[in-house]
C-alpha cells in the first residue's frame, strides 16, 4: 500500500511525461498486488492487464504522437507545496477515520458462494453497459481521427 | 466495520487527494489525465476493500471490472481529444486553451 | 419488451459504420429517423397500459430464455423515455440537413444512437451501479459529439467538459462504494431496505453531498455549471439541443431525483440545500444571460436557469411541487431544443452567432423567426403556452409550502427570463434588416420541419395541459411522491 501511494505521488510530480506514465504503471502493479492479497483474484488480473498494460500503452502512444514545442513549465514551488499538502491530508485523514471507527455499524450480508462465471448472470445488465461503453470509446476515437476534408468550418466560429 | 476497512478507506482518501491535487495544479494536459487515473485507482481500491469487508467479493469484483472498462473508454477518448488539440496548438499546455471566455 | 429501447439504438449504432460505407447519406438518415419514430410511437402505444397499476419490473427475454435482467418501468421512467424519444426524433430530423457540411454522417448517427441508448438504459435501471454505467455510456458519446467538428473551439470545450465530468463521475462512484459498504447491496430495493435499518445519518449525509456534487455537475447546477457555457455553443446545433434538452436532465436531474426521492427519502436538510441551489441557479443563469452576445451562449446560461426551476420544484417535495418540476422538465426539453435548433439554423444561414451582427432576419427567414418567437414566449412563461403552466405550478407549490421568499424570487427570475428573451428576439429577428444578410435563405426542409413540429407541440401542450397532466405527469408524480416506499415495495428482490 505504501508503494502504491509513493508511486502515485511520483507520477504526479515527475516532469518527464514518459517517466510519469511508467510510474503510473508501477503504481498499478502495486495495486494489483494489494488486490491479490485481498483474495480478489479477478480484479487483480484485470487491473494488471488493463490498467498497467492497455492504458499505459495508450499513454505512451499519445506521448509519442504529440509534439510539444516548448517544455511545459510547471512551477518550481510544487516541490514545497506538495509535502505540506500531503502531510495536512494525512492528518485530516487520520482524524476523520478515527472518528468514524465507532460510528459505522456492520451489516453482514449473506455469503453468495458462487463463482465469477455464475455471477455474470446476476449482473448481465452491466455487460450490456460495458458493450455500450466500449462501442462509445471506439466510435469516439474513430470520429475524432477521421480524415478531415478541408472545410471552411473552422472560420465560422468566433 | 473492522479496522482493515478503515485503513483501506484512509488510503483511498489519500489517493483521491493526490489525484485532486494533480488536477488542480498541473498544467500539462497529459498530467491531468494521470490525475484522473489516480482517482480511478482510489475508487477501485475503495470498491474492493468494501467488498472484502462485506464478504461479498464477487459482486465487488464485477463492479470493479465494469469501472475499469469505463475508465479505459474515457481515457482513450480524452487522449484522442488531446492529440487533436495538439495538432492545433502544437503544445500540451492547458494555459493555452483560453479561446472561450465569459 | 421495453428492452428494445436500449437494444435497438445499440445494435443500430454498431452497424452504422458499416452502413456508412455502403451509402454515405441516404441510408443512415433513413435508419436513424425510422428508429426514433418507432421508439416514440412504441413508448406511447405499448408501454402506457403497462403502468396502469403502478410500476412493473419487466423480465427480459432473449429468444424465449429469460436473461437475468429486470428493467424498471414505472411512471417516471416512461415519462423520461417519451421525452427522450421526442427530442431525439426532432434532432435526427434536423440532422438530415444540418450535418451535411460536417461529413462522416454515419459516425455521427452512431454516436448519437449510443448516447440515446445510454440515456434509455439509465432511465430503465434498477440499480445504483447501472445508473453510473449507462451514465458513462452517454457521457463518452457526448464527449466525442461535442468535439465532432474538430475545430479548436470544440476540442477545447470538449476537453474541459470531459475533465469536469470525469471528476463528477468519480464522486458518484465513490458514493456508490460507500453505500455498498453500508448496505451490502447496490440495487434500489436493497439499499432502501438497508438504509432504513441503519441509523447512520452523517455518513448518508456525506454520500448525499457527494451525489449532489456529482449529479449536480451533470445537471449544470450552480456552482457546478462552468462547463455548460463552453460546451453548448461549440457543439453542433443538434448536439447542443440533445445536451441541453435531454442529457443534463436525464443524467443529472433524473438520476438525482430517483435516488433522493425513492431510495434515500427526502429529508429537510436535503430540501434546503436543493432549494438554495435551485434558486441560485435561476439567478446566476438569468443574470449571466443578459450580457451575452453569442446567441448559443445566452441559451446555455438560460438552460442553467431553467434547470434551477426544475430542481426547485422537485426539492419542495410536495406532490404539487413534483408535478410542477416534471412538467417544467418536459417543457424545457421541448422549447430549449427548439431554441437551439433555431440558433443553429441562423448560424448555418448567416455564418455567425453574434447578436450584434444579426438583425431583421424575420424578413428572410420567416419560419425560423416564427418558431423562435413561440419558443421564447413559452420559456418566458407567457400564457397560454406551456411554460406558463409549469412555472405557475412551481410557484403555487412554493406558496403552498410557505416558502414565500423563494416564490417571490422565482417570479422575479421569470421576469428576467422574459426580458432577455425579448432582447434576443429583437436583436436577431426583428428590427432593421442588416445589409449583409440580404441574400440569406430560409433553413432547408428537414430543419424547418423539425422546428415547426416542436413549436406546434409547445402550443398544443399549453392549450391541452390538463389532459397532459392527467395522463402523463400524474403517474410519474405519484411514483416520486411515493418516496422510499416505492423502492421497498416492488423492488425488494
Completion exercise
Of the candidates A:36, A:30, A:7, A:80, the one satisfying the condition of being at pLDDT below 75, more than 20 Å from residue B:79 (Cβ to Cβ) and assigned to a helix (DSSP H, G or I) is A:80
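Each row is one residue, and each column tells you yes or no for (1) away from chain C (no Cβ under 11 Å); (2) surrounded by fewer than 24 Cβ atoms within 10 Å (Cβ to Cβ); (3) not in a helix (DSSP H, G or I).
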position	(1), (2), (3)
B:22	yes, no, no
B:40	no, no, no
B:46	no, no, no
B:53	no, yes, no
B:60	no, no, no
B:63	no, no, no
B:66	no, yes, no
Practice task
Might you let me know whether the stretch A:146-155 holds any residue that is surrounded by 12 or more Cβ atoms within 10 Å (Cβ to Cβ) and either within 7 Å of chain B (Cβ to nearest Cβ) or at pLDDT 65 or above (or both)?
Solution key: yes
Handout entry: Residue in the stretch B:69-89 that is modelled with the lowest pLDDT, counting only those that are more than 7 Å from chain A (Cβ to nearest Cβ) and over 14 Å from the mean Cα position of the chain (by Cα)
Key = B:89
Handout entry: Filter result for residue C:229 (surrounded by 24 or more Cβ atoms within 10 Å (Cβ to Cβ), assigned to a helix (DSSP H, G or I), within 14 Å of another protein chain (Cβ to nearest Cβ) and at pLDDT 80 or above)
Key = yes
Practice task
Please name all residue pairs, on different chains or six or more residues apart, with Cβ atoms under 8 Å, provided the first residue is in the stretch A:28-49 and is at the interface with another protein chain (Cβ under 7 Å from one of its Cβ atoms) and the second residue is modelled with pLDDT under 85 and surrounded by fewer than 16 Cβ atoms within 10 Å (Cβ to Cβ).
Solution key: A:35/A:41; A:42/A:116
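This table checks each residue for (1) surrounded by 24 or more Cβ atoms within 10 Å (Cβ to Cβ); (2) modelled with pLDDT under 85; (3) closer than 22 Å to residue C:113 by Cα.
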site: C:134; (1), (2), (3): yes, no, yes
site: C:138; (1), (2), (3): yes, no, yes
site: C:142; (1), (2), (3): yes, no, yes
site: C:151; (1), (2), (3): no, yes, no
site: C:160; (1), (2), (3): no, no, no
site: C:177; (1), (2), (3): yes, no, no
site: C:194; (1), (2), (3): no, yes, no
site: C:198; (1), (2), (3): no, yes, no
Fill in the blank from the handout: Those residues of the stretch C:140-189 that are at the interface with another protein chain (Cβ under 9 Å from one of its Cβ atoms) and over 25 Å from residue B:39 (Cβ atoms) come to a total of 7
Practice task
Determine whether the stretch C:92-102 contains at least one residue that is within 11 Å of chain A (Cβ to nearest Cβ), outside any helix (DSSP H, G or I) and more than 30 Å from residue C:449 (Cα to Cα).
Solution key: no
Practice task
Kindly indicate whether any position in the stretch C:291-300 is more than 26 Å from residue C:367 (Cβ to Cβ) and either assigned to a helix (DSSP H, G or I) or over 13 Å from the mean Cα position of the chain (by Cα) (or both).
Solution key: yes
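The values are calculated or read from the model by the stated rules, or taken from the named source; none is laboratory data. Since this is a predicted model, take the numbers as computed values, not measurements. When we count neighbours, we look across all protein chains shown, and the Cβ atoms used for this are built from the backbone with ideal geometry, even at glycine.
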